[in-house]
1. Which count do you get for residues in region 13-46 that are at pLDDT below 95 and in contact with an Asp or Glu (Cβ under 9 Å, 6 or more places away or on another chain)?
2. Give the number of residues within region 401-431 that are free of Cβ contacts under 8 Å to residues at least 40 places away in the same chain, on the phi < 0 side of the Ramachandran plot and either within 21 Å of the chain's Cα centre (by Cα) or crowded, with 22+ Cβ neighbours inside 10 Å (or both).
3. Mind checking which strands (runs of 3 or more DSSP E) fall wholly inside region 441-554 and carry at least 2 residues that are farther than 18 Å from residue 607 by Cβ and modelled with pLDDT of 90 or more?
4. Out of region 85-118, which residues are of a type in the set (A, V, I, L, M) and touching a Cys at 6+ places or on another chain (Cβ under 6 Å)?
5. Restricting to region 77-116, give me the number of residues that are open to solvent by 30 Å² or more (accessible area, probe 1.4 Å) and not in a loop (DSSP other than H, G, I, E, B).
6. Name the residues in region 295-336 that are of a type in the set (Gly, Ala, Ser) and either at pLDDT 90 or above or in contact with a His (Cβ under 7 Å, 6 or more places away or on another chain) (or both), would you?
7. From the residues in region 561-573 that are open to solvent by 50 Å² or more (accessible area, probe 1.4 Å) and not acidic (Asp, Glu), which one is nearest to residue 406 (Cα to Cα)?
8. Restricting the search to region 448-505, which residues are buried (at least 16 other Cβ atoms within 10 Å of the Cβ), closer than 13 Å to residue 532 by Cα and among the small types (Gly, Ala, Ser)?
Amino acid sequence: MVSTTIMRMQRFPPSVREYFPFKPRPGQTLMANEIYYGVLSGNHVAIEGAAGMGKTVTCLSALLPICKQEGLTLLYAARTHTQMQRVIEELKTIHKIKGHSLTGICLYGRATMCLNSEIQELRPLEAMELCKLLRKEHKCKWYENLITKDIEKVDGCFTAEYLRNFAQKVQVCPYYLGKALLPYCNVIALTYMYLVSPFIRPILFKSLQKDLSECIIVFDECHNLPQLAMNSLSISVSDRGIARAIKEYHRFDARGNYPTVLHFLKHFQHYLKTIKQEYGEIQEEIEIGIDKKAILEYLRPFTETYNLDLFLFCNNIKQLGWQIKRSRIRANQHPYSSIYHFGQFLDQFLITFKEPQYLHYLILTKDHIQYNIRCIDCRGILAPLRKARSIVSMSGTLEPIHAYLEVCGFPKTTRQRVLPSPFDHRYVGVYCIRGVDVSFYNRTPEQYELLAKRCMEVVQNTPGNTAIFAASYEVLEGLLKTSLQRDIRGLGRKCYTERKDLTSKENDQLVSLFKADGHQAKASVLIGVCGGRNSEGVDFPGVELLSVVIVGVPLARMTHSINALILYYTEQFGAFKGKEYAYTLPAFRRANQAAGRPIRTLKDYGVVVLLDERFTYSYYRRFLSHWLNENMIILKNQDGELGKEIARFYLLQPQKYNLKVR
């Protein structure tokens, strides 16, 4: 029986073979079997598989025969537009090579798809509201053109770019054209928000004309799922935001129809100012918990004086905010309202005030104060999704899978599998330095000088691009106070540094320049942080990145919210799991994601340097990806030792990138 099972896992199921368009790579047959038989038997599936093994096409090939047989729709959720486009490209390949009749579409957001330049510049909620008003008043020519047409037949795989270009050519709305095509599609590639947001999800399924039970859901890069789900129900308001709301009130409510709104804004503003004054001068950001009894006592006299039901009053605030938005829209202005945002905040404040799965806390900085409502339990948000025919969760950094399932509230019967690493051990170098500790109390100027020296050994001996990812912005600042950047430039290499204040566009330009240097054989250095935009959201295959250095274990600073999160998880999952789930696992997922940046395909080779001896501790090694553990070499903290090992590694590699090895 055992040998029969092993033999079965070494080849594709017959139905999957009819869809898989390539010669299988290592691990793909095992992955396809796990998904196909798991879903066929009615289970959910959770899989960890390294980047570069072709998870997307394998998953599609395993699920399409089931979807076709049972008349199901495959909802493939991805984090980025690039990942969504890849789903449709792989679907096209299956269609072209295997000859199956397949229809698929990329479902982007309204602001991205819209042909109206005013909507393109807005945030999602504002884009939705402006779109709604334009349609209601029959002022959108593209939508008006679309509703006069009928969809007779749909066949093909449509990327968002193709759909938008086609819609522009025939002068119809690409966003609503995409929604009209949904009932005809076998596969829909979409962002997480369509599924995790309690507000957007019903709209999606209304357009789809199907129930959740008639869909299979795939969450790609699913390690992001818990946080993205919780973010969808988190909100904050600051003293600056309230000041803008008061200013907005005076500008738009000239007749004073809503005087109580103004009084309440000032009352809440005074509450925040009082707390800030109690703490005096703040030198660095701090978090403090909310005294819930005290805030209720503070609000009670106001509500009694004005005889207010806060729930009804909240609707009045949002109504005023909506009127302001409409006024802005008609004046061709940005349709944002600080008053409306405060109404949303107050709504969430009232709903969540007594709920243990929401944290209420304040963040104080030198010049402002912010009230945060943070959701810390995604199980209630994700519970409706369990009605789906099956959920397939995939990621390169999912271990331990049982923790992911428990945090998400997915059933224990979910089929779990960690796929073996497909990478050749000769092409992966992992080095950890014993005697270097970047924990909080060891972050001295002398320690940062030592860290900078070890980073320079990596840079000097890497024949291409290097990335240095610090555990936090605090560690990054400590590194930048050394001569690191100057020494890098002294080698004739460019140094690109990630900053908190960079816009998405500026960061994209920075990354593009860094990648271009790699392709032009100009070795450069990218400096950033673990958990940042460049250590998780960007791939650097081939010459774009050879070596990566992780400086310190990216454990979060022990703040009020982190301590409250640990306490809550301890109550929910037990004493042993509480800190592990809330504190340790997220840190090592950030480290694992950063470590995987240079190894993105089976042809890549590169070096990962873990610059903190805590990575060698047996407890922490349990949370490192298995390919890091399998290849780890522990070195002494001696000058030149790390540099020699890295130079030796690159000398042994095939010169397929035309690089100059020292």
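The values are calculated or read from the model by the stated rules, or taken from the named source; none is laboratory data. None of these values were measured; they are calculated from a predicted model. Here the Cβ is made from the backbone with ideal geometry for all residues, glycine too, and neighbour counts use every protein chain on show. The area values use the complete protein model at the heavy-atom level, side chains included, leaving out ligands, DNA and RNA. Shrake-Rupley method; radii C 1.70, N 1.55, O 1.52, S 1.80 Å.
1. Of the residues in that region, 1 qualify.
2. Residues meeting the conditions: 1.
3. Fully inside region 441-554 and qualifying: 495-497.
4. Within region 85-118, 88, 91, 105 qualify.
5. 15
6. Here is the first cut: in region 295-336, the residues of a type in the set (Gly, Ala, Ser) are 321, 327, 331.
Matches in region 295-336: 321 only.
7. So the first thing to find is which residues in region 561-573 are open to solvent by 50 Å² or more (accessible area, probe 1.4 Å), and the list is 563, 567, 571-572.
If we keep only those that are not acidic (Asp, Glu) too, we end up with 563, 567, 572.
Working: 563: 20, 567: 16, 572: 10 Å.
Only one residue fits best here, namely 572.
8. Once the filter is applied, which keeps residues that are buried (at least 16 other Cβ atoms within 10 Å of the Cβ), closer than 13 Å to residue 532 by Cα and among the small types (Gly, Ala, Ser), region 448-505 yields 467, 470, 471, 472.
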